[in-house]
Structure formats: structure tokens, C-alpha cells
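Q: Quick one: the structure is below, questions incoming.
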Amino acid sequence: MSTVSAAEAAKFGALAEHWWDPEGPMRPLHRMNPLRTGWIARRVEAAGLAWRGLRLLDVGCGAGLAAEAFARRGAAVTGIDAASEAIAAARRHAEQGGLAIDYRIAAPEELAEEGALFDVVVALEVIEHVADRDAFLAALATLTRPGGLVFLSTLNRTARSFLLAKVGAEYLLRLLPVGTHDWRAFVTPAELARALRRAGFAVTDSAGMTMAPLTGTWRESGDLSVNYLVAARRA
């Protein structure tokens, strides 16, 4: 069974040409990206992993915002996405920046079937868009070497996230295109932790990501009620 939702892939593929516009429809991701990639980088380094030669997989990479940030740190990055338009945009932008990133149109289970293995796997703002959450995490586990790290960022399913991330971001502030998110697909930290354990991971850390409404800047916080990050280790 594919973990890809064709409707979700098409929705984000349609935004590919504007992905790298910092004031376009991906503006929240541009502003969030330094926080989430920096948070991940500190935990990679705390685990004693060197960036040079580190094999990192970015699942649901879109046009490459996070993939490029990790490649600039020295990692050997593979980025996969189900949207061909996003991968085409990612390849163009990486080439323009002189970055050697292996971008592929693929679902994680396809790479898992090939026997691919990575030191670090990231899936940022992805799990709330997949067709099968458990199958998706099982594929990530197969792709992560024993003792390797996985990082996810997603949205909590709370009344506050409905007001801020759905109604506020899409309908009132127009920070995201209407229909970007389905609040019913948001994942609570407890649900995600249980699903990660079923897949063979142990959660090691988590943090909230909070946006300042007046400036649009993001900071790490202890508030996981809307956006949050999770780190886990493969058994």
C-alpha cells in the first residue's frame, strides 16, 4: 500500500514554482526553516555524528528548503517527494546554488524496498499529509540504520491549532493557501510517540515551535499545542 496521498501530492506540486519565493505561499516554511533545521542539527551533533559524509534522507522534501540547509552543512543528502513538480524545482534550485543533492520522485517505501539506509531521516511537515501513518513510519524505520536518528515536525490536533493553524493561517491571515491542512489529520504528540514506538523508535526529545504573530518569526518553546518537533532513535 502506498503511503502517498495523490491529492496531497498534487496540491503541493501545484505550488512548486513559487516554493522558493520567501514572500510566496511557502513563506511560513521559509521563516520556520532556520528553527527546525537548527534544532535538528544540534541533536545530530550532540549524538556525536559528523556532518561530512553523513547520509541524510529528507522525506517529502518539496522543493528543497531543508535539504539544502543540511547539504550546506556537509551532509550527503537524498531528497524524495511524490510531487514531480516539486522535485523539478528542487533540482533547478540546487543546481543554481552549486549543491549536489540526490533528488528523486519516490515514496519512502520505494527506497526501503531498494535497501537504502541512512544515518538521519527527516520528515518535516509531512506526516499530517500521508495516506497511512503507521506504514509511513514503518518505511522510515526501514530506511534508518540501527542507532540512527529520525526527526519529524508536524501539527498537534487541538482547539488552539484549529484556530491558529487552520482558521487563522489559511482564512484570516492568508499565510497559507486555503485547504493546505486538514485539521483532522493533525497528530498529537502522544499519538506520534505511540506510532514511533510501534515502528521501532524511541522518542528522545521534543519541542514546540511558536510564531510571533506580528513579525512572523519562529522560536523554540515548551508549547507543543500547535507546531512541534520530535526526535527519535532507531533501536
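Q: Which condition does residue 79 not pass, out of (1) surrounded by fewer than 21 Cβ atoms within 10 Å (Cβ to Cβ); (2) under 17 Å from residue 143 (Cα atoms), if it passes all the others?
A: Among (1) surrounded by fewer than 21 Cβ atoms within 10 Å (Cβ to Cβ); (2) under 17 Å from residue 143 (Cα atoms), residue 79 violates only (1).
Q: Can you pull out the strands (runs of 3 or more DSSP E) entirely within the stretch 188-235 that have at least 3 residues that are among the small types (Gly, Ala, Ser) and either more than 22 Å from residue 139 (Cβ to Cβ) or out of contact with any Asp or Glu (no Cβ under 9 Å at 6 or more places or on another chain) (or both)? Can you show your working first?
A: Values: elements: 201-211, 218-221, 227-234.
Where strands (runs of 3 or more DSSP E) fall fully within the stretch 188-235 and carry at least 3 residues being among the small types (Gly, Ala, Ser) and either more than 22 Å from residue 139 (Cβ to Cβ) or out of contact with any Asp or Glu (no Cβ under 9 Å at 6 or more places or on another chain) (or both), they are 201-211.
Q: Residue check: is residue 98 at positive phi and either under 17 Å from the mean Cα position of the chain (by Cα) or at pLDDT 95 or above (or both)?
A: Numbers: at positive phi: yes; either under 17 Å from the mean Cα position of the chain (by Cα) or at pLDDT 95 or above (or both): yes.
So residue 98 passes the test.
Q: Do any residues in the stretch 209-235 that are within 12 Å of residue 152 (Cα to Cα) have Cβ atoms under 9 Å from those of residues that are acidic (Asp, Glu) and part of a strand (DSSP E or B), where the two are at least six apart or on different chains, and which pairs are they?
A: Filtered contacts from the stretch 209-235: 229/205; 229/220; 230/205; 231/205; 232/205.
Q: Can we say residue 145 is loosely packed, with under 14 Cβ neighbours inside 10 Å, at negative phi, in a helix (DSSP H, G or I) and touching a Leu at 6+ places or on another chain (Cβ under 8 Å)? Spell out how you get there, then give the answer.
A: Details: loosely packed, with under 14 Cβ neighbours inside 10 Å: yes; at negative phi: yes; in a helix (DSSP H, G or I): no; touching a Leu at 6+ places or on another chain (Cβ under 8 Å): yes.
Against the criterion (loosely packed, with under 14 Cβ neighbours inside 10 Å, at negative phi, in a helix (DSSP H, G or I) and touching a Leu at 6+ places or on another chain (Cβ under 8 Å)), residue 145 does not qualify.
Q: Please give the helices (runs of 4 or more DSSP H) falling wholly within the stretch 1-86 in which 2 or more residues are over 23 Å from residue 228 (Cβ atoms) and out of contact with any Gly (no Cβ under 9 Å at 6 or more places or on another chain). Break it down into steps so the answer makes sense when it comes.
A: Values: elements: 6-13, 27-46, 65-72.
Correct list: 6-13.
Yes or no, residue by residue, for (1) within 16 Å of the chain's Cα centre (by Cα); (2) at positive phi:
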| residue | (1), (2) |
| --- | --- |
| 128 | yes, no |
| 163 | no, no |
| 186 | yes, no |
| 194 | no, no |
| 209 | yes, no |
| 216 | no, yes |
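Q: Related question: Kindly provide the set of residues from the stretch 148-160 that are assigned to a strand (DSSP E or B) and either of a type outside the set (Val, Ile, Thr) or more than 20 Å from residue 56 (Cβ to Cβ) (or both), ordered by number. Explain how you work it out, then say what you get.
A: Residues of the stretch 148-160 assigned to a strand (DSSP E or B): 148-155.
148, 149, 151, 152, 153, 155, listed by residue number.
Q: Next question, about the same structure. Would you mention how many residues in the stretch 27-40 are buried (at least 17 other Cβ atoms within 10 Å of the Cβ) and closer than 20 Å to residue 78 by Cα? Outline the logic, then answer.
A: Of the stretch 27-40, the ones buried (at least 17 other Cβ atoms within 10 Å of the Cβ) are 28-29, 31-33, 35-37, 39-40.
Still in the list and also closer than 20 Å to residue 78 by Cα: 29, 33, 36-37, 39-40.
Adding up the residues that qualify gives 6.
The values are calculated or read from the model by the stated rules, or taken from the named source; none is laboratory data. The structure presented is a predicted model; accordingly, all values stated were derived computationally and were not measured. Positions of Cβ are generated from backbone atoms using ideal geometry, with glycine treated the same way; all protein chains shown enter the neighbour counts.
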